[in-house]
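The structure appears right after this line, and notes come after that.
Throughout, read-outs are computed from the coordinates displayed, never taken from laboratory work. Since the structure is predicted, the reported quantities are computational estimates derived from the model, not experimental observations. Note that we place each Cβ from the backbone using ideal geometry, even for glycine, and neighbour counts take in every protein chain shown.
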Amino acid sequence: MRRLLALLAALLAIAFPAFAGEPATDERLVQLRSERSALQARADGAARLTLFQPLRIAGFLTDALSAREGAAGRALDALSPPRREAFTALLSLNDTLKEALAYPGDGARARARQAADRAAKALDALADDHGPLVLQVSPRAVPPRRNGGELALVPQDPPVPPDDAELHLPTAAPPHADKEIPSTVRYAPEFVEAAGEDPAVEIEIAGLRLAGDGPASLSIGGWRGEATVAPERLRFSVPRRAFATDANRTGLSIGLLALRSGGRLVTFDVPFLVLPDRPGSVALDQQLRWTVPESNTLLSPEIMVRAAAGETRSLRRCFNPPEGWRFDKKDRRVVIVERLGWLGDESDPTLNGGTVEFAQDEKPEQVCLIVSAKPVTAGARTATIGRFEATLARDQTQEKSVQSGVRALDWNETLRLPLEPEAVERKLYIRLFGEVVRTFDDPISSDPLPSGLPFLRITREDNMLVLQADPSAGP
């Protein structure tokens, strides 16, 4: 009896993998498609920019496996090697995407990109398998609206009632009533032509066996159109208005590609990154520092030297400048305040041959003065009083910050920020699409500054920092 039950369990596990404790491949793919939608909904602005391609590859691989498995109900081990490897790569990519969204960081994003590369190779390996296959879709990003950044209406201030007007309480509006905001059309002169509709977005889907059993269609928003078929390619011309667009933030627009293959309907999700009307803003702060020479005159204390009758005496004194200052030795002089001499009780300054002079062996940072008293006549007493005057110099450091203020980026115009040559420190702030914030410290080098940000080019021209929002510079 036990052998019979074991054999029955083994047969059930082969025929119905769910009984073995593991869901069948087609059931697991349904879960993965649901998880993919949840991951796309969780992705914020920064994640949409950095993880858009891994999310797109995960979608292509999920839909490719779903188109091949259908309702087969097979276990993973029962799949062919290319499908099994593709399924394993898809599970790994899905796990790394979850990690990158839950714990955003450079390491998690790098692991997601590596898993996406492995998944892309597994997707290419399905080329020899039967069934339709989407390999590439262009463009990745839908360009911004041509005139979306311009205002069409200008709000008006509400009318001011006269002073003698009677006041009445407003009646309560219905809970869901729309409030009317008074506005007026912006004035435009006659010579300005009205802007036409944005050009259509030309979408090309490359893959294998996409022609199917009938015309393929693509649905985006409220628009649906059939493909123009080329060899291994489907082309669609989609009106730009079909893509929902935010004024300041990127959006994720999901197109649904539908075609018939082998008598059954097969669908592929085709995500597009939709660029906003306004790309963002920047600000540049610069710290300037320079030196201004400053000078002052130092008057040294008076030094007196006395010599007894018939003797010669001298006194050496050295002086250091005040802290932060230095002596300008090219601008100094000695001063003989007084020379005194006595012979007996008679006073005669000519009896003193003493001197006041600078020492020749003084240190570079010092001023040394030698004052001497020397009798001219034997028996004379002498006294000499001397000092020096010197110019003190120092370099006074001055600082000033120069701020550019918040400057708006524009898709159609280049933004140039002047770089101050005297700047010793700079900080560049970038807010892209309202959600992606980057700060660059000390961008002083003359080399091109790598932004590391999609859709933004940063270069240098002489003393200018040049920033250009570019829809073609995508991830």
Could you grab me the full set of residues in region 42-87 that are under 12 Å from Leu29 (Cα atoms), surrounded by fewer than 22 Cβ atoms within 10 Å (Cβ to Cβ) and polar (S, T, N, Q)? Ser66
Kindly list the number of the only condition in (1) of a type in the set (Val, Ile, Thr); (2) in contact with a Phe, Trp or Tyr (Cβ under 8 Å, 6 or more places away or on another chain); (3) in a helix (DSSP H, G or I) that fails for Thr88. (2)
When you scan region 343-363, do you find a residue that is touching a residue at least 40 places away in the same chain (Cβ under 8 Å), in a strand (DSSP E or B) and within 60 Å of the chain's Cα centre (by Cα), even just one? no
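Are there any strands (runs of 3 or more DSSP E) wholly within region 244-302 with 3 or more residues that are hydroxyl-bearing (Ser, Thr, Tyr) and at negative phi, and if so which?
Those strands (runs of 3 or more DSSP E) span 280-299.
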Answer from Glu413, Glu399, Glu389, Glu420 - the residue that is exposed (fewer than 14 other Cβ atoms within 10 Å of the Cβ) and part of a loop (DSSP other than H, G, I, E, B): Glu413
Mind checking which residues of region 259-276 are surrounded by fewer than 17 Cβ atoms within 10 Å (Cβ to Cβ) and in contact (Cβ under 8 Å) with a residue 24 or more places away in the chain? Arg260, Gly262, Gly263, Arg264, Thr267
Of all residues in region 209-232, how many are in contact with an Asp or Glu (Cβ under 6 Å, 6 or more places away or on another chain) and not in a loop (DSSP other than H, G, I, E, B)? 1
Take the conditions in a strand (DSSP E or B) and under 30 Å from Thr312 (Cβ atoms) and apply them to Val437. Does it pass? no
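Suppose the filter is more than 30 Å from Phe440 (Cα to Cα) and either among the aliphatic types (A, V, I, L, M) or out of contact with any helix residue (DSSP H, G or I) (no Cβ under 6 Å at 6 or more places or on another chain) (or both); does Lys374 pass it?
Here the answer is yes, as Lys374 does meet what is asked.
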Within the bounds of region 321-331, is there any residue that is free of Cβ contacts under 8 Å to residues at least 40 places away in the same chain and part of a loop (DSSP other than H, G, I, E, B)? yes
